[in-house]
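Trainee: Here it is, the structure, as structure tokens.
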Amino acid sequence: MVIRSRTLRLVILISTVLITIIIAIQLIWLQKVYLYEEKQFNINVSKSIRALYADMELVNDVKDNVQKVVENVNPDVYLLKIDCSPDLSRLWVNLKAELTDFDVYSDCRAAIYSHELNKFTIEKYIDLPDAYHASSKETDLPLIKKDYSYIILFFPHRGQYIIKQMLFWIASGGMLLLVLVGFGFSVFYFYRQKFYNETQRDFVNNFTHEFKTPLAVIKIASDVLQQKNIFEKPDRLMNYAGIISEQTSHLQAQVQRLLEIAYTDRSSLPLEKESFDVNLLIREAINDLQPLVEQKNATIKTNYPIPEILVKADKSYLRLCFINLIENAIKYSANPEIQIDTNIIGTDLVVSVKDNGIGIATEHQKKIFDRFYRITQGELHTSKGFGLGLNFVKKVIDTHNGKIELESEPGKGSTFTIIIPRT
């Protein structure tokens, strides 16, 4: 599952990079289109002005170079030098006609500036097809002082007009962006579903393995016990009865794991708080694990600086937490030596379970409390079980408004520390 998950993560990473590149290219392309439209607008306005000079006598000698008498002081403002008084009615009609002839449809504020009076002598709003709103008629014209008279053309909505010309490109870019975002969410959803399916499949396989062997052993033992001469061999009878008892206990433990799945499916655990002595509860948990302690020849030491620590919590849930932590400490140690400490810090109960086991690598420590998570090497799981125990422990501690901390180093063991309020 690890290799497949890594492959999917790589696909998602590559897809994310490609989507980012495509979006960046799209933004650069839109910028280039805007610059092109802006340049085209300036060219069309310049052509309109050339035609206006050709239609009317605005200067004594234009020759063939209109650039000498036209100044583009900023993208929105053009100054047309004049040295004679134009026919105003004809000027406005010709100006509007030339602008529309060269596909300039953005509304325009025009005025004549008198060098002698140092002010605009007359103003005119050129209402073109793409005029935006009447308020543009009230837009203040920028008064630019020059040592000559001129006609000013001010396009207050040039930027909006250019963007309107780009609507097709913006719409297509937006659609592409939506498609890419949708694709990204689809890939992420597929990855999550694939992960859940693989996790579920691994869980079912592990579940089947965990139950198949004990049931097969119980079946064989029960067949032996049904033999007619079994009572003539009391040692054999006791041996197979012990096997059935041991395998039944194992199955009970696995059923308890399945119950933990039901617990962890809930958004929050229903707590039944009561007052009890934590030190006594830990002794009971150790006693429940006595067969496993004897089987592994484990050594469990306890340190209770405070002989009796009363807390108000869910006793059955905490008992399961301690059993989980102690059982893990025993299972993952070759020669288990476990140290359990309890104490009170402020208003909190602090319980630590330290072992000399195989330890947990740093890359696994953040995920060790995830549901179904088990440490793997390649395609093989190095830990047995369903990957539910520590997830259940964390859920219980979180529900008690506490926290669980882990310190571990491969080959040197692990220390789990539980901190919960005493009330």
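We did not get these values from a lab; they are worked out from the coordinates using the rules stated. Quantities reported herein were computed from a predicted structural model and do not represent experimental measurements. Because the Cβ atoms are built from the backbone with ideal geometry, glycine has one as well, and the counts that use them run over all protein chains shown.
Trainee: Say each of VAL17 and LYS145 gets a label point 7 Å from the Cα, pointing the same way as Cα to Cβ; how far apart are those two points in nm?
Mentor: 6.0
Trainee: Compare the peptides 20-30, 316-326 by average per-residue count of other Cβ atoms within 10 angstrom and give them in order, highest first.
Mentor: 316-326, 20-30
Trainee: Follow-up question, since we're still on this one. Could you name the lysines in cross-link range of LYS194, using Cα to Cα under 21 Å and dropping any fewer than eight places away on the same chain?
Mentor: The reachable lysines, counting only those whose Cα sits under 21 Å from LYS194, are LYS367.
Trainee: Next question. For the pair ARG422 and LEU30, what calculated FRET efficiency results from E = 1/(1 + (r/R0)^6), where r is the Cβ-Cβ distance and R0 = 41 Å, to the nearest 0.05?
Mentor: Once rounded, the FRET efficiency stands at 0.10.
Trainee: Using θ = phi - 60° and the Karplus form 6.51 cos²θ - 1.76 cosθ + 1.60, what ³J(HN,Hα) does each residue of the stretch 300-316 get, whole Hz, x for Gly and Pro?
Mentor: 10, 10, 10, 10, 10, x, 10, x, 9, 10, 8, 10, 10, 7, 7, 5, 5
Trainee: Order these by the 10 Å Cβ neighbour count, fewest first: LEU128, LEU13.
Mentor: Fewest-to-most Cβ neighbours within 10 Å comes out as LEU13, LEU128.
Trainee: Turning to a different aspect of this structure: Expected output is a single nm value to one decimal: the length gained when fully extending between GLU308 and ILE344, i.e. 0.36 nm times separation in residues minus the C-alpha distance. What is it?
Mentor: In short, 11.9 nm is gained.
Trainee: Label points 7 Å out from Cα along the Cβ direction at GLU272 and ILE43: separation in nm?
Mentor: 8.4
Trainee: Just to be sure I understand the model, the point goes 7 Å from the Cα along the line to the Cβ. What's the resulting LEU117 to ARG236 distance in nm?
Mentor: According to this spin-label approximation, the distance is 12.9 nm.
Trainee: While we're looking at this one, here's another question. Output wanted: per-residue J couplings in Hz (rounded whole) for the stretch 407-418, from phi through Karplus 6.51 cos²θ - 1.76 cosθ + 1.60, θ = phi - 60°, x for Gly and Pro.
Mentor: 10, 8, 9, x, x, 10, x, 9, 10, 9, 10, 9
Trainee: Follow-up. On a full-extension model of 0.36 nm per residue, what is the gain between GLN252 and ARG283, subtracting their alpha-carbon distance, rounded to one decimal in nm?
Mentor: Difference between extended and current length: 9.1 nm.
Trainee: Give, in nm to one decimal, the length gained when the segment between ALA361 and LEU167 is fully stretched (0.36 nm per residue of separation minus the Cα-Cα distance).
Mentor: 64.3 nm
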